[in-house]
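Student: Please find one structure pasted underneath; my questions will follow.
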Amino acid sequence: MKVKVISVLDDNYMYLIIEEETKEAFAVDASVAKKLIEIVRKEGANLKAVLTTHHHLDHCRGNPDLTQRFPDLHIYGADDRIGGLTHKLVHNQELKFGGINVRCLFTPCHTSGHMSFFVWEDGCADAPALFSGDTLFVGGCGRFFEGTAEQMYKNLTETLGTLPSDTKIFCGHEYTVRNLKFALKVEPDNERVKEKLAWAKARDEDDIPTVPSSLEEEFHYNPFMRLKEEAVQKFTGKMDPVEVMRVLRKEKDNFKKKEQLPIPAILAFQLSLLSESRPAKK
């Protein structure tokens, strides 16, 4: 199968998955209909369905336009809030598109109706793929907008963490550099984090996606999948893995806020202080 990584909006990814023999295809998280249609035409693909991980508009706002363009299109998801939804999914439900199989994995927390998609092709030696939306990122995990640390712990350790180790991870956003900066704060002596961060920065400078990673790699540098590691527990001051998860996410939220301080406003404020401290001209 062929996976087209499509960069959209500020830092989102949507995906087009194509069975190369039949050209049957489905998309994941169709946030920008026009761009998806352009890629479908360019690939000569037959778009059969859209799989939507969750209801946030940056993952599903293209669905209604696509159903108008393709009247027989199926829109799959696990949340009634998803725009254009035609088929509601349940955990472990399986779909098939030609020789491509999809297992739907319910991963609530970022939203209460979040679904991830495990994908593999019949008779293909290539590694399977996971389209994890805003649950699992390269080096991180999604915010707990509608869920709990207990849910994310289950998502990452049981539901997704037990998939084949070579599974390729295709996530919903390009957050890799900022995630790994936080991972380095958690584990400053982790050489795998340092290596991956340097690699990700180089990709970012060249505007090249950092997806996919692999599940095996995530266990080496993603702190949210390293809850039992001594350094991660020391950073959080907790030993129970759910509590480690809870504190990690809180620290990551604070870390993100610090990274996103409005620098121009701060500079303006500092300049105003300087001007006030200068003696008035006579």
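The values are calculated or read from the model by the stated rules, or taken from the named source; none is laboratory data. Remember, it's a predicted structure, so these values are computed and weren't measured experimentally. Because the Cβ atoms are built from the backbone with ideal geometry, glycine has one as well, and the counts that use them run over all protein chains shown.
Student: Under 9 Å between Cβ atoms, which residue pairs at least 6 apart in sequence (or on different chains) link something in the stretch 131-144 that is free of Cβ contacts under 8 Å to residues at least 40 places away in the same chain with a partner that is small (Gly, Ala, Ser)?
Tutor: Hits for this filter: GLY142/SER132; GLY142/GLY133; GLY142/GLY172.
Student: How many residues, within the stretch 203-251, are in contact with a strand residue (DSSP E or B) (Cβ under 7 Å, 6 or more places away or on another chain) and either closer than 22 Å to THR159 by Cβ or part of a helix (DSSP H, G or I) (or both)?
Tutor: From the stretch 203-251, those in contact with a strand residue (DSSP E or B) (Cβ under 7 Å, 6 or more places away or on another chain) are 209, 211-215, 218, 222, 224; that's our starting set.
Within this subset, residues satisfying the condition of being either closer than 22 Å to THR159 by Cβ or part of a helix (DSSP H, G or I) (or both) are 211-215, 218, 222, 224.
Residues flagged as in contact with a strand residue (DSSP E or B) (Cβ under 7 Å, 6 or more places away or on another chain) and either closer than 22 Å to THR159 by Cβ or part of a helix (DSSP H, G or I) (or both) within the stretch 203-251 amount to 8.
Student: Is there a residue being over 16 Å from the mean Cα position of the chain (by Cα), surrounded by fewer than 19 Cβ atoms within 10 Å (Cβ to Cβ) and not in a strand (DSSP E or B) anywhere in the stretch 131-144?
Tutor: First pass over the stretch 131-144, keeping only residues over 16 Å from the mean Cα position of the chain (by Cα): none.
The answer is no, given that none of the residues of the stretch 131-144 is over 16 Å from the mean Cα position of the chain (by Cα), surrounded by fewer than 19 Cβ atoms within 10 Å (Cβ to Cβ) and not in a strand (DSSP E or B).
Student: Do we find that ASN190 is out of contact with any Leu (no Cβ under 8 Å at 6 or more places or on another chain) and touching a residue at least 40 places away in the same chain (Cβ under 8 Å) in this structure? Let's see the steps before the verdict.
Tutor: Working: out of contact with any Leu (no Cβ under 8 Å at 6 or more places or on another chain): no; touching a residue at least 40 places away in the same chain (Cβ under 8 Å): yes.
Answer is no for this residue.
Student: Looking only at the stretch 104-117, count every residue that is assigned to a loop (DSSP other than H, G, I, E, B) and touching a helix residue (DSSP H, G or I) at 6+ places or on another chain (Cβ under 6 Å) and tell me the total.
Tutor: Count: 3.
Student: Can you tell me how many residues in the stretch 73-103 are assigned to a strand (DSSP E or B), under 25 Å from GLU20 (Cβ atoms) and touching a Ser or Thr at 6+ places or on another chain (Cβ under 8 Å)?
Tutor: Selection size over the stretch 73-103: 3.
Student: For ASN179, all conditions in the list (1) over 13 Å from the mean Cα position of the chain (by Cα); (2) assigned to a helix (DSSP H, G or I) hold save one; what is the number of the exception?
Tutor: Every listed condition holds for ASN179 apart from (1).
Student: Right, something else. Can you say whether ASP166 is out of contact with any Asp or Glu (no Cβ under 8 Å at 6 or more places or on another chain), surrounded by fewer than 22 Cβ atoms within 10 Å (Cβ to Cβ) and either acidic (Asp, Glu) or outside any helix (DSSP H, G or I) (or both), as far as the supplied structure shows? Walk me through it before giving the result.
Tutor: Numbers: out of contact with any Asp or Glu (no Cβ under 8 Å at 6 or more places or on another chain): no; surrounded by fewer than 22 Cβ atoms within 10 Å (Cβ to Cβ): yes; either acidic (Asp, Glu) or outside any helix (DSSP H, G or I) (or both): yes.
Considered against the rule, which asks whether it is out of contact with any Asp or Glu (no Cβ under 8 Å at 6 or more places or on another chain), surrounded by fewer than 22 Cβ atoms within 10 Å (Cβ to Cβ) and either acidic (Asp, Glu) or outside any helix (DSSP H, G or I) (or both), ASP166 comes out as no.
Student: Return yes when LYS35 is within 20 Å of HIS173 (Cβ to Cβ), of a type in the set (D, E, K, R), modelled with pLDDT of 95 or more and part of a helix (DSSP H, G or I) and no when it is not.
Tutor: yes
Student: Collect the residues in the stretch 42-72 that are hydrophobic (A, V, I, L, M, F, W, C) and in a loop (DSSP other than H, G, I, E, B), keeping them in residue-number order. Full working, then the answer.
Tutor: Within the stretch 42-72, the first condition is being hydrophobic (A, V, I, L, M, F, W, C), and the residues that meet it are 45, 47, 49-51, 57, 60, 66, 70.
The answer is ALA45, PHE70.
Student: Looking at VAL50, VAL102, can you tell me which residue is within 20 Å of the chain's Cα centre (by Cα), among the aliphatic types (A, V, I, L, M) and farther than 11 Å from PHE117 by Cα?
Tutor: Numbers: VAL102 fails: farther than 11 Å from PHE117 by Cα.
Testing whether each residue is within 20 Å of the chain's Cα centre (by Cα), among the aliphatic types (A, V, I, L, M) and farther than 11 Å from PHE117 by Cα leaves just VAL50.
Student: Here is a list of conditions, (1) aliphatic (A, V, I, L, M); (2) within 22 Å of the chain's Cα centre (by Cα); (3) surrounded by fewer than 23 Cβ atoms within 10 Å (Cβ to Cβ), and LEU36 meets all of them except one; can you say which number that is?
Tutor: The single condition LEU36 does not satisfy is (3).
Student: Further, regarding this structure: Just one of the numbered conditions (1) in contact with a Ser or Thr (Cβ under 6 Å, 6 or more places away or on another chain); (2) under 16 Å from GLU187 (Cβ atoms); (3) among the aliphatic types (A, V, I, L, M) is not true of LEU215; which one?
Tutor: (2)
Student: Could I ask something else about it? Mind checking which residues of the stretch 51-65 are surrounded by fewer than 24 Cβ atoms within 10 Å (Cβ to Cβ) and in contact with a Leu (Cβ under 7 Å, 6 or more places away or on another chain)?
Tutor: The answer is ASP58, and nothing else.
Student: If you don't mind, another one. Quick one: ALA30 ticks every box in (1) in contact with a helix residue (DSSP H, G or I) (Cβ under 7 Å, 6 or more places away or on another chain); (2) not in a loop (DSSP other than H, G, I, E, B) bar one, so which box is it?
Tutor: Going through (1) in contact with a helix residue (DSSP H, G or I) (Cβ under 7 Å, 6 or more places away or on another chain); (2) not in a loop (DSSP other than H, G, I, E, B) one by one, ALA30 breaks only (2).
Student: Another question, if that's okay. Going by what's in this entry, would VAL5 be described as assigned to a helix (DSSP H, G or I), surrounded by fewer than 24 Cβ atoms within 10 Å (Cβ to Cβ) and either of a type outside the set (Ser, Thr, Tyr) or in contact (Cβ under 8 Å) with a residue 12 or more places away in the chain (or both)? Before you say what the answer is, go through the steps one by one.
Tutor: Working: assigned to a helix (DSSP H, G or I): no; surrounded by fewer than 24 Cβ atoms within 10 Å (Cβ to Cβ): yes; either of a type outside the set (Ser, Thr, Tyr) or in contact (Cβ under 8 Å) with a residue 12 or more places away in the chain (or both): yes.
Against the criterion (assigned to a helix (DSSP H, G or I), surrounded by fewer than 24 Cβ atoms within 10 Å (Cβ to Cβ) and either of a type outside the set (Ser, Thr, Tyr) or in contact (Cβ under 8 Å) with a residue 12 or more places away in the chain (or both)), VAL5 does not qualify.
Student: All but one of (1) over 21 Å from PHE131 (Cβ atoms); (2) out of contact with any Gly (no Cβ under 7 Å at 6 or more places or on another chain) hold for ALA183; which doesn't?
Tutor: So ALA183 meets the others, but not (2).
Student: Report the residue count in the stretch 27-86 for those that are over 30 Å from GLY147 (Cα atoms) and among the aromatic types (Phe, Trp, Tyr).
Tutor: Qualifying residue count, the stretch 27-86: 1.
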